[in-house]
Each structure stands twice: as structure tokens, then as C-alpha cells.
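Remarks on the structure that follows.
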Amino acid sequence: MPEITFDPTLFATAFVTVLVIMDPVGNTPIFLALTRHHDTAQRRRAALQASVVAGAVILAFALGGRQVLNLLGISLESLQVAGGLLLLVIALELLQPTGEDGSASLASGTTNIALVPLGTPLLAGPGAIAATMLYTEQAEDLGGMLSVVAALVAVLTVIWLSMRYASVLARVLRDNGIELLSRVMGLLVAAIAVQLVAEAVESWISNGVT
């Protein structure tokens, strides 16, 4: 049986890169805004579900995403634009929690926000997916691959902890503070969405649509 050698350099590089991209500090206020109508138990359950979903999506793309995208003729830029448009819809929900017809919003509790938008595309977004795919391609053997997977698990643990204890921040902000935060986060999520689309368009202009 071949010896499996853990690659600490690849682990550290992948951990830092994916952690910065997934941004637990920046996503925690968004998590609070989306779960402002949830109680503590529901928030904790959503935090766990979002972390698991994000990990499953990223790992699936890391192991076979390139082949699937090539088979369907979809570029990473197209995936990025799709994620950006979806985030724009989420931003509108944050800025205007209920529609004119009184219909329920994403944060009302009728929609499982742990799957969309938390699990993907906020956590498992194009950036995190692309970075993990890149590091798995750099892995020279099974040890390197396991190093990347371990880095992803470590990042998701940090993400889960940041959302798991977001209720502490919620108690400080109270309902009015979270409502205000949701409006601010809506504006920022809209900006992230526009940035994702702009970066994809810039890539298309520079390299052509593939």
C-alpha cells in the first residue's frame, strides 16, 4: 500500500485562500439578516445545514466539477454570472423583506435559506469553488488531495462556528438592529452581485467567451 503523505504547505495555502474567499466575518451579518425571524435553535440548525451544503457543493465541484462544466459547455464565468444574478435577487429580498402583495420573503421562515442563498452561492460561491478546484488540480497524489479536503473541512468549521455563535451578536443588536443590518447587508450583497458579474464580463472581454 503506497504511503500517504500529508502536504502541510498545500493545506495552509488552501485553508487561508478559501477562508478569505468565504469570509466568515463578512457573512455572519448576512446570516443574521437572513435569519432575523428565526429563534436561536433555528439559527443554529441553519448554520449547520449551510456549512454542510457548502462543503458538499464545493467538494463535488472540486472532484468532478471541471468535467461536468466541460460536458455541458459551461464556463466558470457563466457560473459566476448566474451566482451574481441569484445574489441580486437575495439582495432585493433583504432590502424589501415582503413584496407589495404581502408574500413571504426569504427570511420569513417559509424558505430554507440554509440551502439557498447561504449554502450556495454565499458560501459555496464561484470564488470558493474555483479556488478549491485549482488546489485539487495541484495535488500530486492522494496525500495532497486529502490535504485540500482537510483544509476545506477546517474552513467550514470556522464558518460554522462564526454562524453558530451569531446569536450572541443578535442579542446585542436586538430586532431593530437586525432589521437595520438587513438593509445595509442587502446593499452590500447587491454590490457583491454586481462585482461577480463585472469580473465575469471583464474576463470575457479579455479572453473571449469560451
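Viscosity 1.567 mPa s, temperature 4 °C: give me the Stokes-Einstein translational D for the range 127-210 in µm²/s, with Rh taken as the Kirkwood radius over C-alpha pairs.
79
When the chain is modelled as a GNM with alpha-carbon springs shorter than 10 Å, which of R36, R164, R174 fluctuates the most?
Of R36, R164, R174, the Gaussian network model singles out R174 as fluctuating most.
Taking the Cα centre as origin and putting +1 on Lys and Arg beta-carbons and -1 on Asp and Glu beta-carbons, what dipole magnitude results for the range 24-202, to the nearest 20 debye? Show your work: numbers first, answer last.
Values: 9 positive and 12 negative charges, 140 e Å.
Dipole of the range 24-202, to the nearest 20 debye: 680 debye.
For the chain, what does -39500 (n - 2.57) per DSSP helix run (n ≥ 4), summed and divided by total residues, give at 222 nm, in deg cm²/dmol to the nearest 500? All intermediate terms of the calculation are to be shown ahead of the outcome.
Numbers: 7 runs with 157 residues, N = 210.
Mean residue ellipticity at 222 nm (helix-derived): -26000 deg cm²/dmol.
Could you tally the net charge around I4, taking each other residue with its Cβ under 13 Å from the Cβ of I4, Lys/Arg +1 and Asp/Glu -1? Before the final figure, lay out the partial values.
Values: positive: none; negative: E3, D7, E140, D141.
Result for the local shell: -4.
Quick one: net charge of A130's neighbours, Cβ under 13 Å, K/R +1, D/E -1? Intermediate results must be reported in sequence, preceding the final value.
On the way: positive: R66; negative: E77, E137, E199.
Computed value for this residue: -2.
Given a Förster radius of 22 Å and the C-beta distance between V172 and Q195 as r, what FRET efficiency does 1/(1 + (r/R0)^6) yield to the nearest 0.05? The partial results should precede the final answer.
Numbers: r = 29 Å, r/R0 = 1.33.
Once the sixth-power term is evaluated, E becomes 0.15.
Sort R43, R66 so that the residue with the fewest other Cβ atoms within 10 Å of its own Cβ comes first and the one with the most comes last.
Details: R43 22, R66 14.
Fewest-to-most Cβ neighbours within 10 Å comes out as R66, R43.
Report relative contact order for the chain in percent, whole number only (criteria: Cα-Cα under 8 Å, sequence separation at least 6).
Values: 249 pairs, mean separation 91.9, N = 210.
Relative contact order comes out at 44 percent.
How do D175, D7, D23, D141 line up, fewest other C-beta atoms within 10 Å first? Intermediate results must be reported in sequence, preceding the final value.
Numbers: D175 10, D7 21, D23 18, D141 13.
Exposure proxy ranking, most exposed first: D175, D141, D23, D7.
Let me know the whole percent of all Cα-Cα pairs from the range 24-202 that are separated by more than 23 Å.
Numbers: 6884 of 15931 pairs.
Of the Cα pairs, 43 percent sit more than 23 Å apart.
Between beta-carbons, use under 14 Å as the cut-off and find the net charge around S75, counting Lys and Arg +1, Asp and Glu -1. Show your work: numbers first, answer last.
Details: positive: R66; negative: E77, E199, E202.
Its environment carries a net charge of -2.
Computed from the coordinates by the stated procedures, all read-outs in this text should not be read as laboratory data. All figures in this text were calculated on a predicted structure; none of them were measured in a lab. Please note: Cβ atoms are built from the backbone with ideal geometry, for glycine as well, and neighbour counts cover all protein chains shown.
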